[in-house]
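Quick notes on the structure that follows.
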Amino acid sequence: MTVLGIVVAAVCALVALLGLYYTVRDLSADLVLLGATALLALVWLVLGIALGLRDLGGGHPAPERVTLYGYLLTALLMAVGGGWVGIFERSRWGSLVITVCAVVSAVLLMRTHQIWPGGFA
Amino acid sequence: MSAPAPTTDAGRRTGRGFETVLIAVYGIFALSATARSLVQVMRDFDFAPVAYSLSLLAAATYIAVTISLVGRGRRASLTRLLCLLELAGVVIVGTLSLVRPELFPDGTVWGAYGLDYGLVPLLLPLIALLYLSRTTSKGPQD
C-alpha cells in the first residue's frame, strides 16, 4: 500500500507541475495533460479499490470509514472533473484548474496518511 | 473522439477565462466544506455546536458563491455581496477561534482564518473580489 501511495503522490506531482507549465506557457490542455489527468484518476481508482478490498477483508478496519471513502471519492471526482474542465475551457485557465485539482488531491492523500498512519503502512 | 471546438471571432468558444478557476476552487470548497460539516453535525453535534454550525454556514456560503459565479456576469453584484459576506465570515470566525478557543473544541472550516486549508479561505474572497472589480470596471478580461 505504501508503494501505491507513493505512485499516487508522484502522479499528483507530475500532473500539478505539467499543468503549471501549461499555464505559464499559456497552453490549453492537450492530450498529454489530459492523459496525465486520466492517469491520476486511474491511480486513485486503483488505490480506492485496494483500500476497499482490504477494508472488506477485515484486515484494517478504517477508524473513520466515512471520511476515508469521502476522500477517495472526492479525489476521483476531482481528477475526472479537472480533466472535464480541461476539455471545455480551452485556455491556460483550464490547465490551471487541472493543477489545482492535482494539488488538492495531493493534500487529500496526505490527510489520508495522517488519519490512518498505521492503515497505510 | 471529441471534435475540435469551432473557433469564433474571439477564438474561444466557451472560455470563461480565469472565472473557470474561481468556479473550480469554490466548487471544491463547497463540496469539502459541506462534506466536513455534515459528517461533524451527524456524528456528534453537541460536542462543538458552535464550530459545527459555523462549518455549515461556511459550506452554505461556498455553495452560494459557486452558484452565483456559474450564473454568468448578470449577477456580479450578488457575487460581490456573497464574497464580502464570506470574507467577513472568515475574519470574524477566525478571530473568534483565536480569542475564544473554548467555543471551538473541534475545528471549523474558517477557524484560525482557514489554517486547516492552507489559509486559502482567507485569500479566496480577496482574489474573487479583485477579479470582480477588474471585470466590472474594464469589461471582461482574458
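Evaluate peptide B:19-26: per residue, the Cβ atoms of other protein chains within 10 Å of its Cβ; return the mean as an integer.
The mean count of partner-chain Cβ atoms within 10 Å per residue comes to 6.
Which order do the peptides A:8-14, B:62-68 come out in when sorted by mean C-beta neighbours inside 10 angstrom, highest first?
Ranked from most to least packed, the peptides come out as B:62-68, A:8-14.
With the calculation restricted to Cα positions, what are the radius of gyration and Dmax of the range B:26-142 in angstrom?
14.9, 49
Going by alpha carbons, how many degrees (0 to 90, nearest 10) lie between the helix axis of A:31-56 and the longest principal axis of chain A?
That works out to roughly 10 degrees.
Any idea of the accessible area per residue across the protein assembly as shown, 1.4 Å probe, to the nearest Å²?
Ligands and nucleic acids excluded, the figure is 52 Å² per residue.
On average, how many beta carbons from a partner chain sit within 10 Å of the beta carbon of a residue in B:48-58?
On the way: counts 0, 0, 0, 0, 0, 0, 0, 0, 0, 0, 0.
What the average comes to for B:48-58 is 0.
Just checking the output field for A:100-108: average partner chain Cβ neighbours within 10 Å of each residue's Cβ? Present the calculation step by step, with values, prior to reporting the outcome.
Numbers: counts 4, 3, 0, 1, 8, 1, 0, 3, 1.
For peptide A:100-108, the averaged partner shielding equals 2.
Which whole-number percent of Cα pairs in the protein assembly as shown have a distance greater than 33 Å?
Details: 8566 of 34453 pairs.
In whole percent, the share of Cα-Cα pairs in the protein assembly as shown beyond 33 Å is 25.
Report Rg(Cα)/(2.2 N^0.38 Å) for the range B:65-132, keeping two decimals.
Working it through for the range B:65-132, the quotient is 1.22.
Could you give the dipole magnitude of chain A about its Cα centre, charging the beta-carbon of Lys and Arg +1 and that of Asp and Glu -1, in debye to the nearest 20?
Details: 6 positive and 5 negative charges, 11 e Å.
That gives a dipole near 60 debye.
Extending each Cα 7 Å along its Cβ direction at B:Val39 and B:Val91, get the distance between those two points in nm, one decimal.
My value for the distance between the label points is 3.1 nm.
Which of B:Ile23, A:Ala10, B:Leu38 sits farthest toward the positive end of the charge dipole of the protein assembly as shown, with +1 on the Cβ of Lys and Arg and -1 on the Cβ of Asp and Glu?
Comparing the listed Cα positions along the dipole, B:Ile23 ranks first.
Once each part is reduced to its C-alpha centroid, what is the distance from the range A:37-106 to the range B:100-124 in angstrom?
24
The values are calculated or read from the model by the stated rules, or taken from the named source; none is laboratory data. Since the structure is predicted, the reported quantities are computational estimates derived from the model, not experimental observations. Backbone-built Cβ (ideal geometry, glycine too); neighbour counts: all protein chains shown. Ligands, DNA and RNA are excluded from the accessible area calculation, which covers all protein heavy atoms including side chains. Shrake-Rupley method; radii C 1.70, N 1.55, O 1.52, S 1.80 Å.
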